[in-house]
C-alpha cells in the first residue's frame, strides 16, 4: 500500500480514537452530574466537582429531562399498543 494512504489511515484511526475518548468523557461527566443532582448534591458542589459553569450544568440537566420524557412517552405508547392488541 502507498505510504501516503497508510499514513492517512493511521491518522484517521488516531483522530477517531481521540474523538471517541472525548465523547465518552463528556457522556460520563453528564451521567455524573445527573446522578449527583438526583442524590441531592447542590449546584455549588457540582460546579466545584466538575469545574463547569452553572449554565452548562443546567443545560445538561435540561437535556436529560427531555430525554427522560421521550423515553417515558415511548414506554407509554408501547404499553397502550400492547394493551389494545
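Placing R0 at 22 angstrom, the Cβ-Cβ distance between residue 2 and residue 22 gives a FRET efficiency of 0.15 after rounding to 0.05. By definition, a body whose alpha carbon gyration tensor gives a ≥ b ≥ c is prolate when a/c is 1.5 or more and a/b is larger than b/c, and segment 37-85 fits this prolate description.
Over the chain, dividing the summed -39,500 (n - 2.57) contributions of all DSSP H runs of at least 4 residues by the number of residues returns a 222 nm mean residue ellipticity of -31500 deg cm²/dmol.
With an a/c value of 1.5 or above and a/b not larger than b/c for the gyration tensor axes a ≥ b ≥ c computed over the alpha-carbon atoms, the chain is described as oblate. With each label modelled as a point 7 angstrom along the Cα→C-beta vector, the residue 9-residue 48 pair spans 5.2 nm. Report the Cα centroid-to-centroid distance between segment 57-78 and segment 18-32 in angstrom, as an integer. If we compute the Cα centre of each part, the gap is 19 Å.
Report note on the peptides 43-49, 77-83, 29-35: ranked by the mean count of other C-beta atoms within 10 Å, highest first, their order is 29-35, 43-49, 77-83.
A short reminder: the numbers here are calculations on the coordinates, not readings from a lab. All values reported here derive from a predicted model rather than from experimental measurement. Every residue, glycine among them, receives a Cβ derived from its backbone with ideal geometry; neighbour counts consider all protein chains shown.
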